[in-house]
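Since the structure comes first, as structure tokens, the remarks are kept for the end.
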Amino acid sequence: MGPGVDAVASSDNFPTETDVVIVGGGIIGVATALSLVQRGIRVVLLEKGTVAAEQSSRNWGWCRRTGRDLRELPLINLSMQLWENMNATLGRETGFRRNGIVYGTRTEAQYARHQRWIAEAKQHDIHSELLSSSQLREHLPQLQGEFIGGLFTALDGRAEPQKAAPAMVLKAMEHGLNLQQHCAVRTIERTNGRVNAVITEHGAIRCQQVVTAGGAWTRLLLQGLDVTLPQLKVLSTVLRTRPVDFDPGVCASFGSVALRKRLDGGLTVASSATNTADITTDSLRFSPLFMPAYWVERQALKLRLGKRFVDELVNWRPGVEDKRSVYEAVRVLEPQIDPAIVQRMREALGKVLPPLANLPVAQSWGGLIDTLPDAIPVISAVDEVKGLYVATGFSGHGFGIAPGAGQLMADLVLGSTPSVDPHPFRLSRFSDGERIRAQHWL
Ligand SMILES: Cc1cc2nc3c(=O)[nH]c(=O)nc-3n(C[C@H](O)[C@H](O)[C@H](O)COP(=O)(O)OP(=O)(O)OC[C@H]3O[C@@H](n4cnc5c(N)ncnc54)[C@H](O)[C@@H]3O)c2cc1C
């Protein structure tokens, strides 16, 4: 089971018609909905399970500029501006705190990479610092291990994944959003090449515009419309502790382990060095596109051939109007985690911060990260189908960037001046000859 998410009640009436339907009640769908209803648009948000039950509640909660792909920097700057005022705008607690993010540096090559990133980021008015080994230890005096320095951004922060999307959706409902949970979208109906209606398990909703923000399911949703999205999934493991008398101040990553303080007094502990990629038919199909990203991440990624291969082959079929779909069969993606990984994370934590050895673990869970070959999202119209949009593929860092991504998606749907240049995020980059490359700075 994932962590407990603040519950939100659905709207009472099931709509049969609206301006915009959003598929997916993760933080991206929710942020898009909020931005649209704030501009007076009628929106229905459809979620097969409950708001934020998949990636959006299972993540680390980091709102990070540090080490981002350069193409995302304008969008994360916009997002951080929105996060700064989020609690006040919503009138609710999202857990956002600007507490800084630090990455420990172990090697000279990593140090040089951080140095280059800082120089690039400065052009976007992002002022991160290179810390010496002793400056790093000023942040974390108990730190052990051979760190030659750190990459630090004081203006970065964190929020609570189990609170943020629910708080945003409640605000959107005050502006008139119609939210339907336990309402799977089976397919999207087209007439003469344009969106006409969304077909759900509870009936059709007529509309001219649809945003697909289905996280790890978006590939399948689009496949049903003959649109190819090269999207795969990576399993990541997280644990939280009971309240502890320790606050690192910053969110901190040391490669083998990462941690942050939670609003409930515990710590969220995780590691990006222990991810698992299940081999599926899609991983075979898209392997040439993903090869450069895989090469960069190969030491942190374990490939596994197991149950998921058969499950996806047999059960992950695009939905059709009059049959129960896989979206109804799997209300919430609940990946199995390996207890050995949880144990390794605890040991890694004890090694870098000895006072935290043997922490009381309250819960551990897995989340399936949806990734694209260049590890930046698609926020885009779908050229093949008029009125269809997609916001997905946030590749493990969509929580922090969600407020800006939602605003940008809303701009595109409404045809208004985009808040940031959407060109890097267009879906057609995978087919228009652009050289697809992932940037790795951390
Ligand atoms: C372990 C882990 C750690 C992470 N750490 C961070 C971090 O520290 N910082 C950060 O910025 N990001 C982080 N991320 C990434 C971040 O969580 C995601 O990028 C973000 O939550 C994606 O949001 P989403 O709305 O696109 O997808 P999701 O949250 O997955 O939501 C998609 C929703 O669509 C629904 N849906 C799908 N198909 C249908 C359908 N047919 N009908 C109706 N509903 C449907 C699903 O049920 C789901 O609720 C992490 C992710 C994980 C898993």
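Taking the conditions (1) more than 10 Å from the ligand (Cβ to nearest atom); (2) among the β-branched types (Val, Ile, Thr); (3) part of a helix (DSSP H, G or I) in turn, VAL30 satisfies each one other than (1). Taken as a whole, the stretch 307-323 holds at least one residue that is basic (Lys, Arg), open to solvent by less than 50 Å² (accessible area, probe 1.4 Å) and either under 24 Å from PRO3 (Cα atoms) or in the same structural domain as ARG242 (by TED's automatic domain parsing) (or both).
Which ranges mark the strands (runs of 3 or more DSSP E) fully within the stretch 131-226 that have 2 or more residues being more than 23 Å from SER325 (Cβ to Cβ) and among the hydrophobic types (A, V, I, L, M, F, W, C)? Before you say what the answer is, go through the steps one by one.
Numbers: elements: 149-153, 178-180, 185-191, 194-200, 203-206, 209-212.
Correct list: 149-153.
Scanning the stretch 171-201 for residues that are touching a residue at least 24 places away in the same chain (Cβ under 8 Å) and of a type in the set (Gly, Ala, Ser) yields ALA172, GLY176, ALA184, GLY193.
Any residue at all in the stretch 134-147 that is surrounded by 14 or more Cβ atoms within 10 Å (Cβ to Cβ), modelled with pLDDT of 95 or more and over 19 Å from PRO248 (Cβ atoms)? No - not one qualifying residue is present in the stretch 134-147.
Applying the condition of being more than 13 Å from the chain's Cα centre (by Cα) and of a type in the set (S, T, N, Q) to the stretch 44-77 and asking which residue is farthest from the ligand (Cβ to nearest atom) yields ASN77.
When we screen ALA405, ALA410, ALA391 for residues that are closer than 26 Å to VAL169 by Cα, open to solvent by less than 30 Å² (accessible area, probe 1.4 Å) and touching a Lys or Arg at 6+ places or on another chain (Cβ under 8 Å), the only hit is ALA410. For ALA112, indicate whether it is surrounded by fewer than 14 Cβ atoms within 10 Å (Cβ to Cβ) and either at pLDDT 95 or above or not charged (D, E, K, R) (or both). Criteria met by ALA112. Exactly one residue out of TRP365, TRP441 is under 28 Å from PRO74 (Cα atoms) and touching a Ser or Thr at 6+ places or on another chain (Cβ under 9 Å): that is TRP441. For LEU372, the criteria (1) under 21 Å from the mean Cα position of the chain (by Cα); (2) open to solvent by less than 50 Å² (accessible area, probe 1.4 Å); (3) closer than 18 Å to THR32 by Cα hold in every case but one, which is (3).
Every residue in the stretch 344-364 that is touching a residue at least 24 places away in the same chain (Cβ under 8 Å), under 17 Å from GLY255 (Cα atoms) and open to solvent by less than 60 Å² (accessible area, probe 1.4 Å), please.
Initially, the stretch 344-364 is screened for residues touching a residue at least 24 places away in the same chain (Cβ under 8 Å), giving 344-346, 348-349, 351-356, 359-364.
Checking the rest, the ones that are also under 17 Å from GLY255 (Cα atoms) come to 344-346, 348-349, 351-354, 356.
Selection gives MET345, ALA348, LEU349, VAL352, LEU353, LEU356.
Quick check: is even one residue across the stretch 229-236 open to solvent by 10 Å² or more (accessible area, probe 1.4 Å) and outside any strand (DSSP E or B)? No: zero hits.
Search the stretch 1-27 for residues being more than 11 Å from the ligand (Cβ to nearest atom) and in contact with a Pro (Cβ under 7 Å, 6 or more places away or on another chain), and hand back the single one that is farthest from VAL195 (Cα to Cα).
Initial filter on the stretch 1-27 (more than 11 Å from the ligand (Cβ to nearest atom)): 1, 4, 6-20.
So of that shortlist, the ones also in contact with a Pro (Cβ under 7 Å, 6 or more places away or on another chain) come out as 6, 8.
Values: ASP6: 33, VAL8: 29 Å.
Residue satisfying both the conditions and the ranking: ASP6.
Only a single item in (1) surrounded by fewer than 19 Cβ atoms within 10 Å (Cβ to Cβ); (2) in the same structural domain as LEU232 (by TED's automatic domain parsing) is not met by TRP441, and it is number (2).
Annotation note: Cβ proximity below 7 Å between a residue of the stretch 46-73 that is at positive phi and a residue that is at pLDDT 95 or above and near the ligand (Cβ under 6 Å from one of its atoms) (sequence gap 6+ or interchain) occurs for ALA52/GLY25; ALA52/GLY26; ALA52/ILE27; GLY61/PHE399.
With within 15 Å of the ligand (Cβ to nearest atom), of a type in the set (Phe, Trp, Tyr), within 18 Å of the chain's Cα centre (by Cα) and part of a helix (DSSP H, G or I) as the only criterion, which of PHE394, PHE399 stands out?
Numbers: PHE394 fails: part of a helix (DSSP H, G or I).
Exactly one of PHE394, PHE399 is within 15 Å of the ligand (Cβ to nearest atom), of a type in the set (Phe, Trp, Tyr), within 18 Å of the chain's Cα centre (by Cα) and part of a helix (DSSP H, G or I), namely PHE399.
The values are calculated or read from the model by the stated rules, or taken from the named source; none is laboratory data. Note that the coordinates shown come from a computational prediction; the quantities given were computed from them, not determined experimentally. Cβ coordinates were reconstructed from backbone atoms using ideal geometry, including for glycine residues, and neighbour counts include every protein chain displayed. Side chains are part of the model used for accessible areas, which takes the heavy atoms of the whole protein and leaves out ligands, DNA and RNA. Shrake-Rupley method; radii C 1.70, N 1.55, O 1.52, S 1.80 Å.
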